[in-house]
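To start, the structure itself, in structure tokens.
The values are calculated or read from the model by the stated rules, or taken from the named source; none is laboratory data. Just so we're clear, the structure is a prediction, and the values are computed from it rather than from any experiment. All Cβ positions, even for glycine, are placed from backbone atoms using ideal geometry, and neighbour counts span all protein chains on display. Side chains included, ligands, DNA and RNA excluded: accessible areas come from the protein's heavy atoms. Shrake-Rupley method; radii C 1.70, N 1.55, O 1.52, S 1.80 Å.
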Amino acid sequence: MEVLLNNGVTMPTPGFGTGAIRGWQADNQAVAEVITEAIQLGYRHLDTASIYGNERSVGRAIKLAEVPRDQLFVVTKAWNTEHGYDRILHAFDNSQRRLDLEYVDLYLLHWPVPTLIQESWRAMERLLTEQRVRAIGVSNYRIGDLRCLLERAEVVPACNQIELHPYFTQPDIRAFCAGQGVHIVSYSPLGTGSWSGVPNELKPVTDPLVIQVAKRHKVAPAQVILRWNLQHGWVPIPKSEHPERMAQNLDLDGFTLSDTELSMLDELETGTGFNMDPERAIEANMTMSVPD
Ligand code: A2P
């Protein structure tokens, strides 16, 4: 399945999240093999970032999988320490070298760096003009960050990748993005990875309503959450290291949630996410540097 972005480029959905596969910033043959497995199972959209420290493994996995490059959709992101006009261009050179790809499908500003939004975006637009990327977008952007970006932008971001799951649906930012034609990509769609330390019983995959809906459709709770994303038009990027879960997370076509089920799932909203909010993340992220 695919969605159409605002510049005519199509994005396969769901995507495959690659953050912290086989450990935070692990970049080795084992990581490449997990990602190759994902491609062989049918994922065509791979989501990485310079800060994940695994771009080489993503590139290696693509070569190992032997799927034609134009059938894959590869996303990477510039970290906070890489923002600013020259820094973005340099960061992209580095990501492209590590991925060893001729082009990247979607390049994102990973978090807002409020003082550098407009000049960073100008560099993103240059990468697009030079056809080194097929689409550009943002991640973790709040309404104010997007307004600031749009004041000077020539290109409207293709997407805003945000934390989104049934406990945290970010309706205000979604409504703003919808009004501007900015697609929503949901990260931590199942309620965040094991690395986060969040106990399973607090995640939406163990929510009684999600389990009840899953039983009704004879599917797994994760499939209910991912199908809820697809029916809303959001692109989820679940991560798993286990082939049976990877396959399960792709197998979403055999059932449809009713409007009532969608609304009941929407009502699980708590207003609180599992990840750091942008306000705190902006400073904290500056202390983390991108490995090469
Ligand atoms: P694992 O990698 O051991 O499969 P998110 O993508 O929302 O951040 O969630 C990732 C977490 O959810 C990982 O800990 C992953 O574990 C787990 N996970 C992925 N797919 C499923 C699934 N189908 N059912 C239950 N848990 C899953």
Loop sites in the stretch 1-67: GluC sites (Glu not before Pro), DSSP, at most 10 other Cβ within 10 Å:
GLU66
Helix 85-99 versus the longest principal axis of the chain: what angle, 0 to 90°, nearest 10, using Cα atoms?
60
Count neighbours as other Cβ atoms within 10 Å of each site's Cβ, and list the GluC sites (Glu not before Pro) in the stretch 113-221 that are DSSP loop with at most 14 such neighbours.
GLU130, GLU154
Add -39500 (n - 2.57) for each DSSP H run of 4 or more in the chain, then divide by its residues: what number comes out at 222 nm, to the nearest 500 deg cm²/dmol?
-12500 deg cm²/dmol
Where both residues lie in the chain, what percent of DSSP beta bridges are antiparallel, nearest 5?
15
For the stretch 58-74, take each phi angle, set θ = phi - 60°, evaluate the Karplus expression 6.51 cos²θ - 1.76 cosθ + 1.60, and give the result in whole Hz per residue in order, putting x for glycine and proline.
4, x, 5, 4, 4, 5, 5, 6, 6, 9, x, 4, 6, 9, 10, 10, 10
Taking only protein heavy atoms and a 1.4 Å probe, what accessible area per residue, in Å², does the chain have with all protein chains in place?
43
May I ask you to list the trypsin sites (Lys or Arg not before Pro) in the stretch 176-238 that are in a DSSP loop and have at most 13 other Cβ atoms within 10 Å of their Cβ?
LYS218
Any idea what diffusion coefficient the stretch 2-285 gets from Stokes-Einstein, in µm²/s, Kirkwood Rh on alpha carbon pairs, 25 °C, 0.890 mPa s?
129
Using a 1.4 Å probe on the protein chains only, how many percent of the accessible area of the chain belongs to carbon and sulfur?
49
Explain nothing, just the number: relative contact order of the chain, from Cα pairs under 8 Å at least 6 residues apart, as a whole percent.
19
Once both axes come from the Cα atoms, what is the angle between helix 117-129 and the longest principal axis of the chain, in degrees from 0 to 90, rounded to 10?
90
Where PHE274, PHE168, PHE16 fall by accessible area, highest first, once all protein chains stay in place (1.4 Å):
PHE274, PHE168, PHE16
Between helix 143-152 and the chain: long-axis angle, C-alpha atoms, 0 to 90°, nearest 10:
40
FRET efficiency for THR272 and GLU119 from the Cβ-Cβ distance with R0 = 35 Å, rounded to 0.05, comes out at 0.60
If each of ARG152 and ASN6 carries a label point 7 Å out from its Cα toward its Cβ, how far apart are those two points in nm?
1.8
At 1.002 mPa s and 20 °C, Stokes D of the stretch 17-86 from Kirkwood alpha-carbon radius, µm² per second
174
Considering only protein heavy atoms, with the full assembly of protein chains and a 1.4 angstrom probe, order SER186, SER258 by accessible area, largest first.
SER258, SER186
